[in-house]
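The values are calculated or read from the model by the stated rules, or taken from the named source; none is laboratory data. A quick note: this is a predicted structure, and the numbers were derived from the prediction, not measured. Virtual Cβ from ideal backbone geometry, glycine too; neighbours counted across all protein chains shown.
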Amino acid sequence: MSELEIALAQLFRKKGKSSLTEKEFVFAASLDLRWFTPKEAQKFLDIGLDSELLALDGDKLKPTFDHMNTDVPKGYVPDSQLLAAAVKPKGLFLKLVDQISLEKDIPSKDIISEVNLTQDRMNLDVDVAALIVAQNHGLDISEHIDKVEEDLGSKYRK
């Protein structure tokens, strides 16, 4: 279990909620818990999203892991190096969100909401939903189709 996962679990537990708006999250990490400055708290949020331990559902942030059953040491405070920790490379979903956002000048959170809606409505894998949204916005997705097909095949053949 990573330091990031423990920190996120603790924040949501301390707030007593399973979802928070971005403002609530930043406020909790900076002013309530006094872990970070507001700017650092925003970076903490971004790292959570980039690592896919947090997901946007509409305007709410939700942990993508079981934060209630994550072992958090008593009196936990994140290590000062948490914000400097390397984040795993972005997956196709986040790459497509960034690409759509840049090319079409649409906020990332709006694209993520659109992908989530497509995923829920059509009961699809998130990468497939992201491809559909990208195509609906006029992006050429041909370079990604084989990779998504391969990933899905290996994911569901196990």
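A few remarks follow.
Results for (1) more than 23 Å from GLY153 (Cβ to Cβ); (2) at pLDDT below 90; (3) more than 16 Å from the chain's Cα centre (by Cα), shown as yes or no for each residue.
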| residue | (1), (2), (3) |
| --- | --- |
| ASP79 | yes, yes, yes |
| VAL87 | yes, yes, no |
| LEU94 | no, yes, no |
| ASP98 | yes, yes, no |
| LYS104 | yes, no, yes |
| PRO107 | yes, yes, no |
| ILE112 | yes, yes, no |
| LEU117 | yes, no, no |
| VAL126 | no, yes, no |
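- Selection from the stretch 32-84 of residues that are of a type in the set (Phe, Trp, Tyr) and either part of a helix (DSSP H, G or I) or closer than 15 Å to LYS14 by Cβ (or both): TRP35, PHE36, PHE44, TYR76
- Against the test of being surrounded by fewer than 14 Cβ atoms within 10 Å (Cβ to Cβ), in a helix (DSSP H, G or I) and not assigned by TED's automatic domain parsing to the domain that holds SER30, the options LEU102, LEU96 yield a single qualifying residue, LEU102.
- So ALA55, is it of a type in the set (Gly, Ala, Ser), outside the structural domain of ASP110 (by TED's automatic domain parsing) and at pLDDT below 95: yes
- Candidates LEU45, LEU56, LEU8, filtered to the one that is of a type outside the set (Val, Ile, Thr), buried (at least 17 other Cβ atoms within 10 Å of the Cβ) and either over 29 Å from VAL128 (Cβ atoms) or free of Cβ contacts under 8 Å to residues at least 24 places away in the same chain (or both): LEU45
- Counted residues, the stretch 38-53 - those being within 15 Å of SER80 (Cα to Cα) and among the charged types (D, E, K, R): 3
- Residue within the stretch 130-151 that is at pLDDT below 90 and in a loop (DSSP other than H, G, I, E, B) present: no
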